[in-house]
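The values are calculated or read from the model by the stated rules, or taken from the named source; none is laboratory data. Note that the coordinates shown come from a computational prediction; the quantities given were computed from them, not determined experimentally. Methodologically, a virtual Cβ is constructed for each residue, glycine included, from the backbone with ideal geometry; neighbour enumeration extends over all protein chains shown.
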Amino acid sequence: MTRYLEPPYGGAWEKWAEWGSTLSVAKGLNLRCTQVTSGRATLVLDGEEWFINPNGAVNGGIVIACADHAFGVVASTLLDPERMPATATFTSDFLRPAIPPITFEAVVDRMGRTMAFISVCVTDRAGKICNEVRGTMVVDGSSRTLVGAAVASNAVSAQHL
């Protein structure tokens with residue numbers, strides 16, 4: 001069972017990059033978070049054989065999963081521990097094949113009280129834009145209760161062992 005990993009609030013940006021690389025999606029895809037600052041994050045996917053299409057590009061579903069992960073990482077940098085981001089909308093424009101390694105540059109374009117607007121520019125090994133992703137995340141803390149319930153559920157399950 002996967003446990004919730006608290007973001008390193010107040011920690012150095014290097015700790016944030018480490019945190020972004022150790023979450024389950026990142027570990028499963030071998031997605032590396034290479035740089036994090038306030039409202040910005042860079043992630044790199046080298047490309048595993050199992051998700052490469054016959055044309056040598058990363059499967060579009062994998063690109064989207066990585067971009068969604070970048071959404072969560074970058075939004076978290078601007079939130080306090082009482083709030084947890086959750087993806088609300090997501091659009092993706094595939095412009096050319098994503099030949100690895102591919103880089104995800106995530107930016108919080110605007111942060112409101114309840115929503116964060118995020119863009120992710122995906123570039124291929126030649127540095128050409130291959131995908132543009134935009135979306136919103138709910139950041140009002142409503143998803144925090146779900147995390148709290150999962151943590152409480154894990155504690156109850158551990159008591160029955």
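Structure above, values below:
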quantity	calculated
Of all residues in segment 75-120 being among the small types (Gly, Ala, Ser) and under 13 Å from the mean Cα position of the chain (by Cα), the one that is nearest to Gly47 (Cα to Cα)	Ala106
Selected residue (only one of Glu18, Glu6 is charged (D, E, K, R) and exposed (fewer than 13 other Cβ atoms within 10 Å of the Cβ))	Glu6
Residues (crowded, with 19+ Cβ neighbours inside 10 Å and either in a helix (DSSP H, G or I) or among the hydroxyl-bearing types (Ser, Thr, Tyr) (or both)) located in segment 54-64	Ile62, Val63
Qualifying residues in segment 31-53 (those that are surrounded by 17 or more Cβ atoms within 10 Å (Cβ to Cβ) and of a type in the set (Gly, Ala, Ser)) - the one farthest from Ile118 (Cα to Cα)	Gly47
Unique residue being charged (D, E, K, R), farther than 22 Å from Arg32 by Cβ and crowded, with 16+ Cβ neighbours inside 10 Å when the list is Arg110, Arg96, Arg134	Arg134
Pair list, Cβ under 6 Å, 6 or more apart: segment 18-37 residue within 16 Å of Ile62 (Cα to Cα) and of a type in the set (D, E, K, R), other residue modelled with pLDDT of 95 or more and surrounded by 15 or more Cβ atoms within 10 Å (Cβ to Cβ)	Arg32/Ser21; Arg32/Val44
